[in-house]
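Just below is one structure, and these are the notes that go with it.
The values are calculated or read from the model by the stated rules, or taken from the named source; none is laboratory data. Nothing here was measured: the structure is a model prediction, and the numbers come from that model. Counting neighbours? That spans all protein chains shown, and the Cβs are built from the backbone with ideal geometry, glycine included.
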């Protein structure tokens, strides 16, 4: 189990839904998805009470399952087998992330950002929502090798030349340099 704090809220990943509980259970799913199965289960407690969130799976076994808590604002990103969700804990504001499937996340404390990625692009999220989305930096697969307070470095797959090509992303703007050169127009 993983425990985190954000603002005045305590956040804990649970192994599953409780069998019997007086706590409210809130269901989260992407638009059009059923909420009739157990997903990633997270307990939330804070000034507004204690409740449990059941986050429906993206059903992508190699996708990310995790939770990231923001430090400057009371919010989290929850990931359930590749499906990401963003929640503000001091309101009822929440949404499913557009990027799918999510394969990884890096939390940048200096910027209070969660950087997430799929096969081809990256997004930065704060407690208030999406901050930026890169253009495509890979044909199929991203690996992050270094994170600094102002940029991150990684490799994107160049399928045409069967190689990995380094890229750098500015964490303030989402602009990138490098990556495969044969992605224009995609």
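A few notes on this one:
- Scanning segment 34-43 for residues that are surrounded by fewer than 22 Cβ atoms within 10 Å (Cβ to Cβ) and in contact (Cβ under 8 Å) with a residue 12 or more places away in the chain gives 34, 35, 37, 38, 41, 43.
- Screening the candidates 140, 90 for the property of being in contact (Cβ under 8 Å) with a residue 12 or more places away in the chain, farther than 22 Å from residue 58 by Cβ and out of contact with any helix residue (DSSP H, G or I) (no Cβ under 7 Å at 6 or more places or on another chain) yields one hit, 90.
- Test result for residue 157, assigned to a strand (DSSP E or B), crowded, with 19+ Cβ neighbours inside 10 Å and either without any contact (Cβ under 8 Å) to a residue 40 or more places away in the chain or out of contact with any strand residue (DSSP E or B) (no Cβ under 8 Å at 6 or more places or on another chain) (or both): yes
Residue by residue, here is whether (1) touching a strand residue (DSSP E or B) at 6+ places or on another chain (Cβ under 9 Å); (2) at pLDDT 95 or above; (3) surrounded by fewer than 17 Cβ atoms within 10 Å (Cβ to Cβ) holds:
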residue	(1), (2), (3)
117	yes, yes, no
165	yes, yes, no
170	yes, yes, yes
180	yes, no, no
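- Qualifying residue in segment 66-82 (condition: closer than 24 Å to residue 118 by Cα, assigned to a loop (DSSP other than H, G, I, E, B), in contact (Cβ under 8 Å) with a residue 60 or more places away in the chain and under 12 Å from the mean Cα position of the chain (by Cα)): yes
- Among the residues of segment 95-121, those identified as closer than 25 Å to residue 183 by Cα and outside any strand (DSSP E or B) are 97, 98, 99, 100, 101, 102, 103, 118, 119, 120, 121.
- Hits in segment 125-142 - residues which are modelled with pLDDT of 95 or more and surrounded by fewer than 15 Cβ atoms within 10 Å (Cβ to Cβ): 133
- Of the strands (runs of 3 or more DSSP E) lying entirely inside segment 15-59, those containing at least 2 residues that are closer than 18 Å to residue 4 by Cβ and more than 19 Å from the chain's Cα centre (by Cα) are 40-46, 49-55.
- Pairing each residue of segment 1-29 that is within 12 Å of residue 39 (Cα to Cα) with any residue that is assigned to a loop (DSSP other than H, G, I, E, B) and at pLDDT below 90, provided the two are 6+ apart or on different chains, yields C-beta distances under 7 Å for 13/1; 13/2; 14/1; 15/1; 27/35; 29/35.
- Filter result for residue 62 (under 24 Å from residue 130 (Cβ atoms), surrounded by fewer than 16 Cβ atoms within 10 Å (Cβ to Cβ) and at pLDDT 95 or above): yes
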